[in-house]
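Report on one structure; see the data block that follows.
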Amino acid sequence: MIKIYNEIPDSCNWQIVEEINRGWSNDKKYYVQTTDGRVFLLRISDISQYERKKRDFQAMKQLDKIDILISRPVDFGICNSGQSVYFLTTWIKGEAAETALPELSSKEQYRLCVRAGEVLKIMHQISAAKNQLSWSEHFNRKIDRNITNYKACGIHIKGADKIIEYLEQNRYLLESRPRCFQHGDYHAGNMIITKSGELGVIDFDRLDYGDPWEEFNRITWCADISAAFASGRINGYFDHDVPASFFRLMALYIASNQLSSIPWSISYGQEEVRTMLRQAEDVLKWYDGFETYIPEWYISGPPE
């Protein structure tokens, strides 16, 4: 049988190819092990994604000189008789952080997420191109779009008016914000804990360039696991000296993300809609209906 990856160089030496059926991407994903024991992640996308995947490959190559544990780009190109584009990255062996962390002590959770914050800050050293739209203009358009789409989707968050009010009152925070490389989906679901206790980062499929602090918009998934994990990530990023302005902006990015998550979830079914509605309720509770900008779960140091 002709397989869609047969045209990929060196695929004749792939001993094991197993499809991975998890995640939100439309890509086909495979675990690949070669005859000499090397292990990779293979993504195969429609050929219409070629330019985007090329751009992602070039962006990830910028991380090659940085000494952190991340999935690294190996190769990309065209396969499947010109119908698909493939993207091959290294595979990090270990357990998914979202599964492993609840089994660890609060102190160990905190240690690992301090490292997650440190790794994120290192990645943010890569700056964005200079000729881009200002961040303020870019993200204000995104806020407008998120509000419009939320109001039109027909599913409503109890307390959405508080979320929208916070967004409207704090748009000024977006002025003069820098842009840098972004992982794009930085949370426990895209982290691996190795047998030696090291934290690795995977799945750069949503990488982008933007405000480095926007990367905390998905910290809600970390806070769902534990306060120690979410707090450690913030404290590690800022070397335990967190500016007050950060919390105001993080709240804005989380607020915007919560609005967009509702229309996004609809195509994935009722269970996902319920998950996002539950998370929106949690967020409103954490921020006391956005009367405060520091979430109730935040702790400024390691748990005792």
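The values are calculated or read from the model by the stated rules, or taken from the named source; none is laboratory data. This one's a predicted model, so the numbers in the text were calculated from it and none came from an experiment. Cβ coordinates were reconstructed from backbone atoms using ideal geometry, including for glycine residues, and neighbour counts include every protein chain displayed. For accessibility, only protein heavy atoms count, side chains too; no ligands or nucleic acids. Shrake-Rupley method; radii C 1.70, N 1.55, O 1.52, S 1.80 Å.
Residues that are open to solvent by less than 20 Å² (accessible area, probe 1.4 Å) and more than 24 Å from Ser260 (Cα to Cα) within the stretch 127-151 comprise just one, Ala128. Residues of the stretch 33-85 that are within 26 Å of Glu118 (Cα to Cα) and not hydrophobic (A, V, I, L, M, F, W, C): Arg55, Asp56, Gln58, Lys61, Gln62, Asp64, Lys65, Asp67, Ser71, Arg72, Pro73. Put simply, of Ile92, Ile47 the only residue that is closer than 30 Å to Tyr298 by Cα and in contact with a strand residue (DSSP E or B) (Cβ under 9 Å, 6 or more places away or on another chain) is Ile92.
The single condition among (1) outside the structural domain of Tyr209 (by the TED database); (2) buried (at least 20 other Cβ atoms within 10 Å of the Cβ) that Val119 does not satisfy is (1). Among the residues of this structure, Arg278 does not count as one that is within 18 Å of the chain's Cα centre (by Cα), basic (Lys, Arg) and part of a helix (DSSP H, G or I). Of the strands (runs of 3 or more DSSP E) contained entirely in the stretch 190-263, those carrying at least 1 residues that are aromatic (Phe, Trp, Tyr) fall at 208-210.
Of the strands (runs of 3 or more DSSP E) that lie entirely inside the stretch 1-114, those containing 2 or more residues that are open to solvent by 90 Å² or more (accessible area, probe 1.4 Å) and over 30 Å from Asn235 (Cβ atoms) span 14-20.
Of all residue pairs spaced 6 or more apart or on separate chains, those with beta-carbon atoms under 8 Å, a first member in the stretch 5-20 that is over 19 Å from Gly82 (Cα atoms) and in contact (Cβ under 8 Å) with a residue 24 or more places away in the chain and a second member that is in a loop (DSSP other than H, G, I, E, B) and open to solvent by less than 60 Å² (accessible area, probe 1.4 Å) are Val17/Tyr5. Entry remark, the stretch 219-275: residues being open to solvent by 40 Å² or more (accessible area, probe 1.4 Å), of a type in the set (Lys, Arg) and touching a residue at least 60 places away in the same chain (Cβ under 8 Å) number 1 in total. Residue count for the stretch 44-83 satisfying the condition of being small (Gly, Ala, Ser) and in contact with a helix residue (DSSP H, G or I) (Cβ under 7 Å, 6 or more places away or on another chain): 2. So which pairs qualify, if the first residue must be in the stretch 112-133 and without any contact (Cβ under 8 Å) to a residue 12 or more places away in the chain, the second must be in a helix (DSSP H, G or I) and open to solvent by 10 Å² or more (accessible area, probe 1.4 Å), the Cβ gap must be under 9 Å, and the two must be at least 6 apart or on different chains? Once the first residue is without any contact (Cβ under 8 Å) to a residue 12 or more places away in the chain and sits in the stretch 112-133, its partners that are in a helix (DSSP H, G or I) and open to solvent by 10 Å² or more (accessible area, probe 1.4 Å) give Leu133/Arg141. Could you tell me whether any residue of the stretch 178-198 is open to solvent by less than 30 Å² (accessible area, probe 1.4 Å) and out of contact with any helix residue (DSSP H, G or I) (no Cβ under 9 Å at 6 or more places or on another chain)? Within the stretch 178-198, one or more residues are open to solvent by less than 30 Å² (accessible area, probe 1.4 Å) and out of contact with any helix residue (DSSP H, G or I) (no Cβ under 9 Å at 6 or more places or on another chain).
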